[in-house]
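To keep things clear, I will list the structure first and then write my remarks on it.
The values are calculated or read from the model by the stated rules, or taken from the named source; none is laboratory data. These figures come from a predicted structure and were not determined experimentally. Neighbour counts are summed over all protein chains in view; Cβ atoms, including those assigned to glycine, are modelled from backbone coordinates with ideal geometry. We work out accessible area using only protein heavy atoms, side chains counted, and drop any ligands, DNA or RNA first. Shrake-Rupley method; radii C 1.70, N 1.55, O 1.52, S 1.80 Å.
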Amino acid sequence: MTYQDTVNWMFSQLPMYQNQGKSAYKVDLSNTILLAKHLDNPENKFKSIHVAGTNGKGSTSHMLASVLQEAGYKVGLYTSPHLKDYRERVKINGKEISKQFVIQFVKRNKSFFEENALSFFEMTVGLAFEYFAKQKVDVAIIEVGLGGRLDSTNIITPEVSVITNIGLDHTQFLGNTLESIAKEKAGIIKSNIPVVIGETQIETKEVFNKIARNNNAKIIFADNAETKKYESDLKGNYQDKNIKTVVQTINEIQLKGFNVSKQSIKDGLLKVVNNTGLLGRWQILNENPKVICDTAHNREGLKIVMDQLQNEEYNNLHIIFGVVNDKDLDLIIDLLPINAIYYLCKPNISRGLNIKKLEDYFKSNNLIFKAYNSVNEAYKNAKLSADIKDLIYIGGSTFVVAEII
């Protein structure tokens, strides 16, 4: 099989959350444990930092990787989903896994995958862990895919666990209260392993404290800690919280013998995009008119981004907007500016929300909109309509942003 054949097979063979949603969610780790054993337990052959959270876990993971690269370490980075190419999910020092490694991994293990009905996500975690073990990384930053307790990544014993924050997202899997979601994400807290919590929230603080106590795990709330102020090349206002989380995580990993200078922290935070290739976080794609895209897609993330939009200077605001079909629009509709012109579209995945349903919803909420058959058509028309002093924003879903950048 070619690289494209291999990736297509992985995408289509078994449920994949990115495309299918709830049907791809597994209820235990038995398959992952089975696969790890088959691969000779690669997760035990490298050090790691485990990062969970509703928002900010992607940015935090990339920042951590960048800082540790600046400190001279060989750093693995596992994240999801990808925006353009599957290989974005698995990198070492910012360089994507080779096509050949992906092809050979699937070729070697294909019959095992089929016999045991492994999911797309389980296969990908196995691939990443084997790659990091074989390449002998000094440390790997492992981003949780969904939740924590039952996520396929949760077979590692990291140096530090990180939970950025808790919001109402993926409630069909994780529960519909902040407390229940916190319990799921706190499933990555391990015995005697320190955990850094990015944001102190009244509803979740005691959940984390209790689980940390039960595991004899040191707990640090990053937003309450004294931290030197650092700048980053990631410019979203929400990055301030992520920066504090990163600094506290680096403090903890230094206690485990890693050597990271203040200069490495400073340089790493300023070179995240260059060092890791991160895309889609308050990313400015054009000036005159200014075009900004951001992958924020739940209430907590969108609130910060929409507030930041209001701080921009522009004559008219054009918003290219699409969502997935399990998105509860009632949770986010009040955040969307009423003075904007919306260009509605369906992201090109089976989970994309039907454009007619999105139109009906926007009509019932008295928003000004036009509807288009594709993300690119929406973007093209927004550019045609916008004056040089206007602002175009692209968002609502990771998958809308993925089609533009």
Which of the residues that make up region 75-87 are surrounded by fewer than 19 Cβ atoms within 10 Å (Cβ to Cβ) and in contact with a strand residue (DSSP E or B) (Cβ under 7 Å, 6 or more places away or on another chain)? R87
Exclusive hit being part of a loop (DSSP other than H, G, I, E, B), within 23 Å of T295 (Cβ to Cβ) and small (G, A, S), set G76, G147: G147
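Yes or no, residue by residue, for (1) β-branched (V, I, T); (2) open to solvent by 70 Å² or more (accessible area, probe 1.4 Å); (3) under 30 Å from E159 (Cβ atoms); (4) at pLDDT 95 or above:
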{"position": "N8", "(1), (2), (3), (4)": "no, yes, no, no"}
{"position": "N19", "(1), (2), (3), (4)": "no, no, no, no"}
{"position": "K22", "(1), (2), (3), (4)": "no, yes, no, no"}
{"position": "D28", "(1), (2), (3), (4)": "no, yes, yes, no"}
{"position": "N31", "(1), (2), (3), (4)": "no, no, yes, no"}
{"position": "H38", "(1), (2), (3), (4)": "no, yes, yes, yes"}
{"position": "N41", "(1), (2), (3), (4)": "no, no, yes, yes"}
{"position": "H50", "(1), (2), (3), (4)": "no, no, yes, yes"}
Filtered residues of region 114-129 (kept if open to solvent by less than 50 Å² (accessible area, probe 1.4 Å), in a helix (DSSP H, G or I) and in contact (Cβ under 8 Å) with a residue 40 or more places away in the chain): F120, F121, E122, M123, T124, V125, G126, A128, F129
Every pair of residues 6+ apart whose Cβ atoms lie under 6 Å, when the first sits in region 192-205 and is within 14 Å of V51 (Cβ to Cβ) while the second is open to solvent by 50 Å² or more (accessible area, probe 1.4 Å) and part of a loop (DSSP other than H, G, I, E, B): P194/K218
